[in-house]
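Q: Structure below; questions to follow.
Please treat every number below as a calculation from the coordinates, not as lab data. As the structure is a prediction and not an experimental result, all values here were calculated from the model. Note that each Cβ is placed from the backbone with ideal geometry, even for glycine, and that neighbours are counted across all protein chains shown.
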Amino acid sequence: MTIGLCAALAETMRVQPFKKGPDYIDPMWLGRAAGRPCHNLDFYTMQPDEIINTVAIQSQGADISIIEGNKGLYDGLDLDGSNSNAALSSLLKAPVILVLDARGMTRGIAPLILGYQAFDPSIHIAGVILNQLGGSRHESKLHAVIEHYTDVEVIGSVYQNSELSIEERHLGLMPSNEDDSADQKIAQIRDIIKQQIDLDRLKSIADQAPALQATKTVNTVIPPADKLRIGIVRNDAVGFYYPGDLQALEQAGAELVFIDTIRDQQLPEIDGLFIGGGFPETRMRELEANAAMRNQVRESIENGLPAYAECGGLMYLSRSLSWKGTTAQMVGVIAADTVMHATPQGRGYIRLQETTNHPWANTEPKPAGIIAGHEFHYSALENLDPETHFAYRIVRGAGIDGHNDGIVYKNLLACYAHLRDTESNHWAHRFVQFVRDCKLN
């Protein structure tokens, strides 16, 4: 739904998408549909004023901003709903469009809408979109019921249509960087959605939201002579990066150099390396086949190249990767083997406590060095060297062994945890400074 809205509105407007919560795949699709990077808004890793500031800054130059929620309007971690979609709407004073799965419903749609309104009268539910309708007769019945019993406006009715679905994988949608026909799929969804949702009415509802003022400015740009070349691995196996983190790396003095570990035959000249998350198991044969790249990555890290890897990057750096009865050789700089499982081995929000082994430890004052992040992995490490040093102790989450995360080897830090560069954890600045220190030494 949100992909279609972003793409349809982007035909005539500048659209800024946002996604609530920790997520890489949905924002990749939304950013591709809107033509602007999608930024995440997350109460778990961000302070309320930081969320407001992010929306204000990233919306500059846009005509409309769309925030895709996660789960339901009132769902969240806490009983008081302080981190729910409703709380985000309240914080940003943003009107809500409620998308309702109306399969099999007629008169029952009314108490559902009335309940959402009554549960928190301060939340402005400005309209509803009826989803998964069976046809025009079903649509007419629902419209009549809603008009009779409620004061909520129906701004769209979307029929059941297999063309609106996107292939799913164990962690959600197929990433758009893996789908060669992603742009065609987005166009297909756009053409269906714009025929079934009143875009003009949606724009007028969005205009009801007050303007947000940024309370902080972007950091000063680093002179080119002082920049460091940081390699960023990005291909159809690895591509999970928060746009804000990449911006933070640049603001800290990094020149981003993108590397394809499937197709490139050699590493470019770089001062540091960042390998994000992804699904390396889906391209394990191609990654294995590029022995020249694997050897260069291993030799570079062995020779002291500062490197940081998250989840899929950790898997790529291990000795081997096994999935569905097949094993492929990986980089081998981490003394462990990665094995895929049928069920999640770690999933959800995490809290980490830094240890003295951390190569670029946080020197900023904060409670007990606790870092908030998230993890989503179906893989686990086996045959791990018992002498392994870890950068983090697990406070909440699974990590590598249920107690630790963040393998430290020479100037490499590799973990299952996904971090975000936020006011409480400016990891990008610390990593760039670590790269700079390594270069000087």
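Q: Could you give the size of the charge dipole of the chain about its Cα centre, using +1 on the Cβ of each K and R and -1 on the Cβ of each D and E, expressed in debye and rounded to the nearest 20?
A: Result for the chain is approximately 180 debye, rounded to the nearest 20.
Q: How would you order 59-67, 305-313 from highest to lowest mean count of nearby Cβ atoms within 10 Å?
A: The densest-packed peptide leads the list: 305-313, 59-67.
Q: Let me make sure I get this right: for the stretch 185-287, a, b and c are the square roots of the gyration tensor eigenvalues over alpha carbons, sorted descending. Under 1.5 in a/c it's rounded, otherwise prolate if a/b > b/c, else oblate. Which is it?
A: Cα axes put the stretch 185-287 in the oblate bin.
Q: Just going by the charge dipole of the chain, with Lys and Arg at +1 and Asp and Glu at -1 on Cβ, which of A328, Y44, T422 is farthest out on the positive end?
A: Sorting the options by dipole projection puts first Y44.
Q: Determine one quarter of the surface area of the Cα convex hull of the stretch 224-440, which equals its mean projected area, and express it in nm² to one decimal.
A: 11.1
Q: Between rounded, prolate and oblate, where does the stretch 233-351 land on the alpha carbon gyration tensor, with a ≥ b ≥ c its root eigenvalues, rounded for a/c under 1.5, else prolate if a/b exceeds b/c?
A: Here the stretch 233-351 falls in the oblate category.
Q: Right, here's the next one. Using modelled amide H (1.01 Å from N, peptide plane; none on Pro or chain starts), what sits under 5 Å from the amide H of F43, excluding residues fewer than 5 places away?
A: Excluding prolines and chain starts, which carry no amide H, the hits are G21.
Q: Same structure, new question: Tell me, what is the percent relative contact order of the stretch 224-440, built from C-alpha pairs under 8 Å that lie six or more residues apart?
A: Relative contact order of the stretch 224-440: 20 percent.
Q: Continuing with the same structure: Considering the options N70, S318, G397, tell which one lies farthest towards the positive end of the dipole of the chain, charges being +1 on Lys and Arg and -1 on Asp and Glu at the Cβ, about the Cα centre.
A: Final value for the positive-end residue is N70.
Q: Here's a follow-up. So if I place +1 on the C-beta of Lys and Arg and -1 on the C-beta of Asp and Glu, and nothing else carries charge, what would the dipole magnitude of the stretch 2-206 be about its Cα centre? I want it in debye, nearest 20.
A: 400
Q: If you don't mind, there's one more thing I want to ask. Once the mean 1/r over all distinct Cα pairs of the chain is inverted, what Kirkwood radius in angstroms do you read off?
A: Result for the chain stands at 23.3 Å.
Q: K410: which lysines have alpha carbons under 28 Å from its alpha carbon, excluding same-chain residues fewer than 8 sequence positions away?
A: Filter leaves K227, K366, K439.
Q: Run through the DSSP bridge list for the chain and note the antiparallel percent, rounded to the nearest 5.
A: Counting only bridges with both partners in the chain, antiparallel ones make up about 45 percent.
Q: Restricting to lysines 8 or more places apart or on different chains, can you count the pairs in the stretch 2-206 with Cα atoms under 16 Å from each other?
A: Going through the stretch 2-206 pair by pair, I get 6.
Q: If you don't mind, there's one more thing I want to ask. For the Cα atoms of the chain, what angle does the longest principal axis make with the long axis of helix 182-196, in degrees from 0 to 90, nearest 10?
A: Compared with the principal axis, the helix lies near 20 degrees.
Q: Now a separate question. For the stretch 2-206, what D do you get in µm² per second when you plug the Kirkwood radius from alpha-carbon pairs into Stokes-Einstein at 20 °C and 1.002 mPa s?
A: For these conditions, the coefficient is 121 µm²/s.
Q: So, one more: Tilt of helix 48-58 relative to the longest C-alpha principal axis of the chain, in degrees (0 to 90, nearest 10)?
A: 90
Q: Tilt of helix 291-302 relative to the longest C-alpha principal axis of the chain, in degrees (0 to 90, nearest 10)?
A: So the inclination is approximately 70 degrees.
Q: Using a simple charge model, +1 on the beta-carbon of Lys and Arg, -1 on the beta-carbon of Asp and Glu, nothing else, what dipole does the stretch 193-304 show about its Cα centre, in debye to the nearest 20?
A: That gives a dipole near 280 debye.
Q: Moving to a separate point now. Rank A33, V152, L91 by how far each Cα sits towards the positive end of the charge dipole of the stretch 2-206 (+1 on Lys, Arg Cβ; -1 on Asp, Glu Cβ) and give me just the farthest.
A: V152
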